1. Can you sort A:S537, A:S309 by how many other beta carbons sit within 10 Å, fewest first?
2. Among rounded, prolate and oblate, which fits chain B when a ≥ b ≥ c are the square roots of the eigenvalues of its C-alpha gyration tensor, a/c under 1.5 means rounded, and a/b larger than b/c means prolate?
3. Mind listing which GluC sites (Glu not before Pro) in the range B:234-322 are in a DSSP loop and have 12 or fewer other Cβ atoms within 10 Å?
4. With the contact rule set at Cα under 8 Å and sequence spacing of 6 or more, what percent relative contact order holds for chain B?
5. Compute the normalised compactness of the range B:148-284: alpha-carbon radius of gyration over 2.2 N^0.38 Å, N being the residue count.
6. For the pairs A:K77/A:K113; B:K77/B:K430; B:K113/B:K287, flag any whose C-alpha to C-alpha distance is greater than 23 Å.
7. Take every residue in peptide B:539-548, count the Cβ atoms of other chains within 10 Å of its Cβ, and give the average of those counts.
8. Once you put a point 7 Å from the Cα of A:E41 and another 7 Å from the Cα of B:T85, both along the Cβ direction, what distance in nm separates them?
There are 2 protein chains.
Amino acid sequence: MIFDLREEGSSGRLGAMDTLTAVLTRMLDGRLAEVRRDVREHLAKEAEHGAFDTTRLGVTEHREHVARQLRALAETKQPGLGFPTEYGGGGDIGAAVVSFEMLGFGDLSLMVKSGVQWGLFGGAVHLLGTRRHHERYLPDIVSGSLLGCFAMTEVGHGSDVQGLRTTATYDPDTAEFVVHSPDVLAHKTYIGNAARDGRLAVVFAQLVTEGKSHGVHALLVPIRNERGEVLPGITVEDNGPKAGLNGVDNGRLAFDHVRVPRTALLNRYGDVSEDGTYSSPIESDGKRFFTMLGTLVRGRISIAGSAGSATKRALTIAVRYAERRRQFEGPDGDEVVILDYLSHQRRLLPALATTYALHFAQEDLVAKLGELQGGGEAAGADDRGQRELESLAAGLKAVATWHATNTIQAAREACGGAGYMAENVLPSLKADTDVFTTFEGDNTVLLQLVAKGLLTNYKDQFEDLSPLATARFVAEQFVGAVMERTAARKVVERLVDASPTREDDGAVFDRAWQCKLFADREQHVLEGVARRLRAASRDNAFEVFNSAHDHVLRAARVHIERVVLDSFVAAVARCDDERARELLDKVCDLYVLSMIEADRAWFLEHGRLTSPRAKAVIAGVNRLCRELRPHARTLVDAFAIPESLVRVPMLDWT
Amino acid sequence: MIFDLREEGSSGRLGAMDTLTAVLTRMLDGRLAEVRRDVREHLAKEAEHGAFDTTRLGVTEHREHVARQLRALAETKQPGLGFPTEYGGGGDIGAAVVSFEMLGFGDLSLMVKSGVQWGLFGGAVHLLGTRRHHERYLPDIVSGSLLGCFAMTEVGHGSDVQGLRTTATYDPDTAEFVVHSPDVLAHKTYIGNAARDGRLAVVFAQLVTEGKSHGVHALLVPIRNERGEVLPGITVEDNGPKAGLNGVDNGRLAFDHVRVPRTALLNRYGDVSEDGTYSSPIESDGKRFFTMLGTLVRGRISIAGSAGSATKRALTIAVRYAERRRQFEGPDGDEVVILDYLSHQRRLLPALATTYALHFAQEDLVAKLGELQGGGEAAGADDRGQRELESLAAGLKAVATWHATNTIQAAREACGGAGYMAENVLPSLKADTDVFTTFEGDNTVLLQLVAKGLLTNYKDQFEDLSPLATARFVAEQFVGAVMERTAARKVVERLVDASPTREDDGAVFDRAWQCKLFADREQHVLEGVARRLRAASRDNAFEVFNSAHDHVLRAARVHIERVVLDSFVAAVARCDDERARELLDKVCDLYVLSMIEADRAWFLEHGRLTSPRAKAVIAGVNRLCRELRPHARTLVDAFAIPESLVRVPMLDWT
């Protein structure tokens, strides 16, 4: 066994599967425990050879290093998990997402580079292409012998991808598309695999045929030959050093009237016949484009998952350090272990509870993805389930990546000067995950998308992120807060229905009270936003929307917090080990109460909490920190991160 | 003129001094405008030669680069500003601190390395040494021909420096001290200038003579010869790559029975005669040590200042980007400038207002430092003014560095993917300043120190940071909240006294109401903490203190927020330009209201705000964001950061 689940100091004679830690690990690993185990073993093996010790590498060496690791990964079955079995894949999209998530325990450059290769690039060929593309490319993509790019973002358009300005104009004389960047703002940028390794790019461009534009489509454009030389008409510029993720070769791509055959168009949702006639199963340009984007939702889900993994690694390191590091004499004459200070517990333990909460919500999201896109087929554009999935993916991505940024920062600070040293890993975790809040959709824009879905009851084509379009659309709709009927929601509803209303201060620990509070807040905030937006006319829609902007984002946030709580409650309910369930129950309490504490101004303002009850919430957080402190190590060990990835030098010398 | 204060697009015919921007700059630059101008010109000149383009340098090259820049800086008069005139200095400690602050506009590695050399190392020789040390070393320290270290932190003790374990044992037979590291936990670590450039170290060690320990003292220990070779008995280990500040050569130092002459002791506060007799003007070991530390308070003040400079640079870049970057179509058909979105204004403008507030508070703090330590002499250990200064320095350092971390993060996110590219500077600002929250005193520990001062009315030797000692001490004291009588406080009191109490919702914009609210909160929180701590007995003091830990830290925070508001109010009052005063008045409103908004739960819980008033505060923040949006550029331009340090590539291609 390459990694060891036993707690330090345990006798080693207990079967690992008997410990509380192991029970929790089983609980966390869930349905796809086997995939998780495979990736852990791969990472542990690589780590033994020092594969993740990148702190002394320059940008060039780091890229080479990660390219090598990508090849090593290509030899496992992980990369193929999400692809159809006939092309060497595993046909299980959930497994693919979980395997990306687990890569988040290692060097995040490898996670992102493999996400570019097999998630974005391979995923686009798979989901936007048709049999001719699959047959020709998927085997080489899966095996890693053909590396590629996902060229969507442009200098001038990141969030607003509908406004992309690269063009692909059909020339019926030669049956070719001419791919062109009209100016600098249309250059593709931040494109992974572009600066060094990519040979083929999925390029998103405005498709023009017979003098008419049909909106954004994706085409396959070769950018380098087999010797790695950049092809004529293509200009590649290196994005250079970044805050982190320097093992990924991001670059700019510009196209100067580059010709590709008609069949280069990934034509699942729109096609051009030889004579230039455009056809598509979806009439509206916008709806078609957002349907295409919707099939790629797994990217955001993977980012949310790997943000969670990085957060778990940071917390594991910080908790271990806080259990060893002592500072200032205590009442017994010994120096006090810093995790015994309430202020230190408050830095780490609520964040740990939230990490558990997000883990279970992510599990439910992946399950939902599996149900809808199980074998790789995407749902139709009108499918409400698909749009709810996209909304949830967007919301969890935003919440999970902000949580990662905040928690890794807190973990760094909790380790003082030692936490600033590269050898102790926290610096790279911080720098690498920092971009997660703005890539694969800027978090603020994503929350807007969540709010839009709630406000319009998922009535429109969904991915359109424009505030103006949202504002106008909302102004015209009958809106209302309708809770979706997830499995988790049903568990919660049964729980709430079965519980009498409590009025004493102990109620803050009552799960039914907590659940009602979250659901009620969601409904109230959403109705408030709806009321404000309905006051808008077509003319002042933007103004009205903009002045309610913070309110709109808040609606999305409280919705996601409620969804996360539902998932956590359902997870606790299905735990069949009594000790584990008791512990998770407390962790769930800490999640809820720390969320209420952070937002208690709202609850007070809206008469949902009295002053004494609000103070009871604060006291409850303190009490839970104290009670969970002895279990902190168990809770992080249950993440079962390979030992070589968390045993940093500072744990040896304190 | 090397840098240009005029706004982009201004005619160039207006004299720079007539613009609102220039008036604000004059206001911000204050008493030491000349020092600020000198440093700006030095940085601008260096930047023209590409001196701050370090993004492609490895650790080794970056260190060489910064060492070169340190030499260039040594040729200006800045390094000497805080040293006595007879050794080539300027004799003005305030000017020295401001010059460090201004270095924060450039490469922060240079700021930190020069802070190590001239602030910590030189400052210790100056303030803890006597004439014999001054004559022998200060001229070479000032000129930069002798580089040195400030060797305080050990592997085992960072915050609790009273517990340092390096020993300096006097040997009367040879009239030498034997400096020794008993084990790994006693090794000095994170010591700037240790890994590469330092030749002499100020080493903090437990002084032992005649078999008795007298607490921590500082000695001069040579660590390298003139050829840069490490001396016998000294072991140097490189701390290796760090999250940031890689231009500074931090390292570990271990001492194996290293002998230095008796006169190596920096003997201002304690001395050993040839026969080994110990003498000191201060009887208590603890009080003596904290008096020594107190003289070095300028280090924290400089960090607070340069954190402010880095924050200003990040905001300047982010505001300029937000004024150019457009995304999503607006109602007039054009794409909307992102600073026009309320959510974007909320990310940047309250942070900008707080940056102004902290600037004026920093100015007052530097003035106070100048009054107390003007020519370099430190106040006596019993001087209450000195202890108030240390408290304020600790508190502002904590608040300013957390503000920097949060604001630079927000600025990075506000620039999306572009903000993640090293060439756009935000990544290095983030990585370099990250350690500010934990070095020169961990922020949490510093807030504890502030609280202790307030709770004990500055009665004890002040720097003792131990929670247990604090708890016991507080439990024995009569405590109470007494507001200090600063110049700013007097301005505020006159203002409050002259204003009738308002009860309408417009009151949220009433300065007197705001000031009363802050002062009242401070008093209430402090009294609450005092009540909880007085309940402690000697035996349970730690337990009681620890369970009130968050309350204690909160008392410190709200105190500092009130002090900062006082400074801002006084600054607005002394502004003699009407347009500037009107603008600053609004900025001050935004500072206050965004602080109240963030803490409105407390105000609601304690009956200080009604629900409608709390909602008026939120609406007030939104209104101020809208009203200040057209002035955002003016407000950042007024920081007058040399153009070459803020004109990053992304500002050209959007």
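Since every read-out is calculated from the coordinates, none of them should be taken as a lab result. Everything numeric here is computed off the predicted structure, so don't read it as measured data. Glycine gets a Cβ as well: all are built from the backbone with ideal geometry, and neighbour counts include every protein chain shown.
1. Working: A:S537 10, A:S309 26.
Sorted ascending by nearby Cβ count, the order is A:S537, A:S309.
2. Values: a/c = 1.98, a/b = 1.31, b/c = 1.51.
Because a/c hits 1.5 or more and a/b fails to exceed b/c, chain B counts as oblate.
3. B:E274, B:E283
4. Working: 1139 pairs, mean separation 102.2, N = 654.
RCO, chain B: 16 percent.
5. Numbers: Rg = 14.8 Å, N = 137, 2.2 N^0.38 = 14.3 Å.
Here the answer is 1.03, to two decimals.
6. Flagged as over cut-off: B:K77/B:K430; B:K113/B:K287.
7. Numbers: counts 1, 1, 1, 7, 1, 0, 2, 10, 5, 2.
Partner Cβ neighbours, averaged per residue: 3.
8. About 7.8 nm, to one decimal.
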